[in-house]
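Working notes, beginning with the structure itself.
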Amino acid sequence: MRGTDKNALAPQSDKSSYFEPDYLTSERMSAYSYQFSEIVNLRPQSVLEIGIGNGLLSFLLRQSGLDVTTLDFDPMLEPDIIASVTDIPCPDNSYDVVACFEVLEHLPFEQFGKAMEKLKRVTKSHVIISLPDSRLICKFHIPIIARKLLFELPSFILPEHKFDGQHYWEINKKGYPLRKILGIIQETGFSVTKTYRIWEFSYNRIFVLEKAT
């Protein structure tokens, strides 16, 4: 993904990189499935997708009959709206669901709360985001009962995060424990309906958030 804030960084990936085999892995394709399902299960009529990427998710949502608007900082990706996640040029309560997948970690952490406030302002009801979670996990697949289990391993010392040209921070790195991220989300005015790691792509954590009334 690329950054989306004018004060943070310029676009980080050219468009072709979203269609490379190293990007479109089976794990990442499974993440699209989870993202799609979480949005559709809320039965929205209108969706704002922030961070268009390769456009696959917005294509699938439109094919399912949803009214989708895309927003991205990078004009090369041809979004409907060229703007930053911290400065969304849309009226209050414009969309039933706002989706922001693999975007917010591309901003300095100091801007995370501000970005969440902007997401809250433009949604009528729900926001769905995903963030990288670096905590080690153990996975089990039991085909005979069709169960997939994922357990997070204890972590007494969180590792340092070093900016790699992409991510400014990640959950469960030093200074960014999950409880801190949840606290900022809740202080912004959301209730956390659910949060979980994707079994097939466990680096990715999804949050389904409901706007407080």
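Taken together, the values in this text are just the output of simple stated rules run on the coordinates, not laboratory data. Computed from a prediction, not measured in an experiment: that's the story for all the values here. Ideal geometry is used to build each Cβ from the backbone, glycine not excepted, and the neighbour counts take in all protein chains shown.
So here's what we get for this one:
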{"read-out": "Lys/Arg +1, Asp/Glu -1 at C-beta; the chain dipole; positive extreme among Y95, I50, Y196", "value": "Y196"}
{"read-out": "Longest DSSP-loop-exposure-free segment, chymotrypsin sites (Phe, Trp or Tyr not before Pro), the chain, at most 10 other Cβ within 10 Å", "value": "1-155"}
{"read-out": "Separation between Cα centres of segment 81-124 and segment 146-174, rounded to whole Å", "value": "23 Å"}
{"read-out": "Helix-only mean residue ellipticity at 222 nm for the chain, each DSSP H run of n ≥ 4 adding -39500 (n - 2.57), per residue, nearest 500", "value": "-6500 deg cm²/dmol"}
{"read-out": "Cα-based Lys proximity count in segment 15-211, under 22 Å, for pairs eight or more positions apart or on separate chains", "value": "25"}
{"read-out": "Footprinting exposure proxy for V40, V122, V98, V68 (fewest neighbouring C-beta atoms within 10 Å first)", "value": "V40, V122, V68, V98"}
{"read-out": "Gained length - K180 relative to Q45, 0.36 nm times residue gap less alpha-carbon distance", "value": "45.4 nm"}
{"read-out": "Among (1) 16.4, 46; (2) 16.6, 51; (3) 27.4, 80, the entry that matches Rg and Dmax of the Cα atoms in Å as calculated here", "value": "(2)"}
{"read-out": "Footprinting exposure proxy for C100, C90 (fewest neighbouring C-beta atoms within 10 Å first)", "value": "C90, C100"}
{"read-out": "Surrounding net charge for L149, when Lys and Arg each add one and Asp and Glu each subtract one, Cβ distance under 12 Å", "value": "+3"}
{"read-out": "For q = 0.15, 0.19, 0.26 Å⁻¹, Debye-computed log10 I/I(0) when each Cα of segment 164-209 counts as one equal scatterer", "value": "-0.45, -0.70, -1.08"}
{"read-out": "Nearest-20 debye value, the chain charge dipole, Cβ charges on Lys, Arg, Asp, Glu", "value": "780 debye"}
{"read-out": "Test item: Cα-centred dipole of segment 137-213, Lys/Arg +1 and Asp/Glu -1 on Cβ, debye", "value": "180 debye"}
